[in-house]
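Trainee: Mind looking over this structure? Questions follow.
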Ligand SMILES: Nc1ncnc2c1ncn2[C@@H]1O[C@H](COP(=O)(O)OP(=O)(O)O)[C@@H](O)[C@H]1O
Ligand SMILES: [Mg+2]
């Protein structure tokens with residue numbers, strides 16, 4: 001069966017010269033939660049941007065490979081054409097409009113819909129059902145809401161577009177552990193009750209593998225490991241480098257050999 005999303009050997013270059021993705025392939029079947037894992041700078045956000053076609057805004061481009069949504073090539077579509085096809089990205093760092101209320105923020109998510117006010121109002125009620133906290137704060141300016149509320153607002157706004165596939169970038173970033181759990185529980189519920197498919201970029205491997213069905217680990221612009229979430233959780237290398245469960249001679253907190261290398265490289269540049 002044709003998967004919902006198939007990314008096939010893509011290469012991404014920023015500013016015509018900076019090669020960041022070096023042949024990334026991944027598959028997201030309809031109705032699943034797929035985790036895209038890896039440390040800072042591995043290429044997770046770039047992969048999501050390639051799918052949602054937000055690369056151009058960052059002076060980036062897919063220069064090799066193909067991306068297919070239900071078998072249709074989508075690399076050359078505009079971001080709004082992607083939204084119209086049901087692919088919506090929730091950007092890293094919870095981009096809410098600070099000067100708009102929570103409800104106004106949510107309504108901006110419905111801008112590509114053409115099915116009328118009543119249908120939009122219905123979706124709004126559904127979003128509030130998933131996020132009762134947002135309903136309570138519907139008239140508050142986003143600027144005055146908590147980090148957790150802003151993340152939920154950003155996800156809620158994506159849902160207003162009636163998406164099939166949500167690209168969720170680092171939802172846990174900067175949030176307290178309990179709030180993170182709340183956010184992920186809602187993701188699971190949306191997946192189970194609405195059938196929404198998620199491609200989820202996370203540095204927090206442990207967390208993501210608890211909620212995802214499948215996972216891909218990126219290092220330095222390449223997929224270095226992939227499999228079911230259960231098999232990744234059991235994998236020795238994953239346990240050692242990403243789950244912090246392995247024996248480590250120096251007792252340090254490093255996540256991978258590559259982290260160590262790039263850190264040293266950066267240090268050299270700074271020196
Ligand atoms: N707009 C950009 N221009 C140039 N390089 C970028 C840009 N965005 C990201 N990069 C580089 O691409 C690499 C991967 O970044 P990113 O996809 O953000 O990784 P991750 O989301 O896994 O932390 C990093 O080395 C980063 O510096
Ligand atoms: Mg990122």
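Trainee: Among the residues of the stretch 99-117, how many are more than 22 Å from the chain's Cα centre (by Cα), at pLDDT 95 or above and assigned to a helix (DSSP H, G or I)?
Mentor: 2
Trainee: Please work out if residue 161 is over 27 Å from residue 29 (Cα atoms) and either at pLDDT below 95 or away from ligand 1 (no atom under 16 Å from the Cβ) (or both). Walk me through how you get there before you give the answer.
Mentor: Values: over 27 Å from residue 29 (Cα atoms): no; either at pLDDT below 95 or away from ligand 1 (no atom under 16 Å from the Cβ) (or both): yes.
Taking the combined requirement at face value, the residue does not satisfy it.
Trainee: Further, regarding this structure: Would you point out the residue of the stretch 194-234, among those that are part of a loop (DSSP other than H, G, I, E, B) and under 18 Å from residue 5 (Cβ atoms), that is farthest from the chain's Cα centre (by Cα)?
Mentor: Of all residues in the stretch 194-234, those part of a loop (DSSP other than H, G, I, E, B) come to 195-196, 203-204, 212-213, 220-221.
If we keep only those that are under 18 Å from residue 5 (Cβ atoms) as well, we get 195-196, 212-213.
Working: 195: 17, 196: 13, 212: 12, 213: 15 Å.
Among those that are part of a loop (DSSP other than H, G, I, E, B) and under 18 Å from residue 5 (Cβ atoms), it is 195.
Trainee: Can you tell me which residues in the stretch 3-18 are more than 20 Å from residue 58 (Cβ to Cβ) and either touching a helix residue (DSSP H, G or I) at 6+ places or on another chain (Cβ under 6 Å) or surrounded by fewer than 17 Cβ atoms within 10 Å (Cβ to Cβ) (or both)?
Mentor: Matches in the stretch 3-18: 8, 9.
Trainee: Return only the number of the condition from (1) surrounded by fewer than 22 Cβ atoms within 10 Å (Cβ to Cβ); (2) at pLDDT below 95 that residue 94 does not satisfy.
Mentor: Answer for residue 94: the failing condition is (1).
Trainee: Scan 125, 75 and give me the residue that is modelled with pLDDT of 95 or more and either closer than 15 Å to residue 5 by Cβ or away from ligand 2 (no atom under 16 Å from the Cβ) (or both).
Mentor: Details: 75 fails: modelled with pLDDT of 95 or more.
Selected residue: 125, the only one of 125, 75 that is modelled with pLDDT of 95 or more and either closer than 15 Å to residue 5 by Cβ or away from ligand 2 (no atom under 16 Å from the Cβ) (or both).
Trainee: Based on this model, can you work out whether residue 133 counts as assigned to a helix (DSSP H, G or I) and free of Cβ contacts under 8 Å to residues at least 24 places away in the same chain? If you could, list the steps in order and put the result at the bottom.
Mentor: On the way: assigned to a helix (DSSP H, G or I): yes; free of Cβ contacts under 8 Å to residues at least 24 places away in the same chain: yes.
Considered against the rule, which asks whether it is assigned to a helix (DSSP H, G or I) and free of Cβ contacts under 8 Å to residues at least 24 places away in the same chain, residue 133 comes out as yes.
Trainee: Separate question: Checking residue 100 against (1) closer than 27 Å to residue 26 by Cβ; (2) surrounded by fewer than 19 Cβ atoms within 10 Å (Cβ to Cβ): exactly one of these is not met. Which one?
Mentor: Evaluating residue 100 over (1) closer than 27 Å to residue 26 by Cβ; (2) surrounded by fewer than 19 Cβ atoms within 10 Å (Cβ to Cβ) leaves (1) as the failure.
Conditions (1) within 12 Å of ligand 1 (Cβ to nearest atom); (2) not in a loop (DSSP other than H, G, I, E, B), marked per residue:
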| residue | (1), (2) |
| --- | --- |
| 22 | yes, yes |
| 25 | no, yes |
| 42 | yes, no |
| 45 | yes, yes |
| 48 | yes, yes |
| 61 | yes, yes |
| 64 | no, yes |
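Trainee: Run residue 168 past the list (1) farther than 18 Å from residue 201 by Cβ; (2) assigned to a strand (DSSP E or B) and report the number of the one that doesn't hold.
Mentor: It is condition (1) that residue 168 fails.
Trainee: Could I ask something else about it? For residue 83, only one of the following conditions fails: (1) closer than 25 Å to residue 211 by Cα; (2) away from ligand 1 (no atom under 14 Å from the Cβ); (3) at pLDDT 95 or above; (4) not in a loop (DSSP other than H, G, I, E, B). What is its number?
Mentor: Going through the list (1) closer than 25 Å to residue 211 by Cα; (2) away from ligand 1 (no atom under 14 Å from the Cβ); (3) at pLDDT 95 or above; (4) not in a loop (DSSP other than H, G, I, E, B), residue 83 breaks only (3).
The values are calculated or read from the model by the stated rules, or taken from the named source; none is laboratory data. Since the model is a prediction, treat every value here as computed from it, not as a measurement. Positions of Cβ are generated from backbone atoms using ideal geometry, with glycine treated the same way; all protein chains shown enter the neighbour counts.
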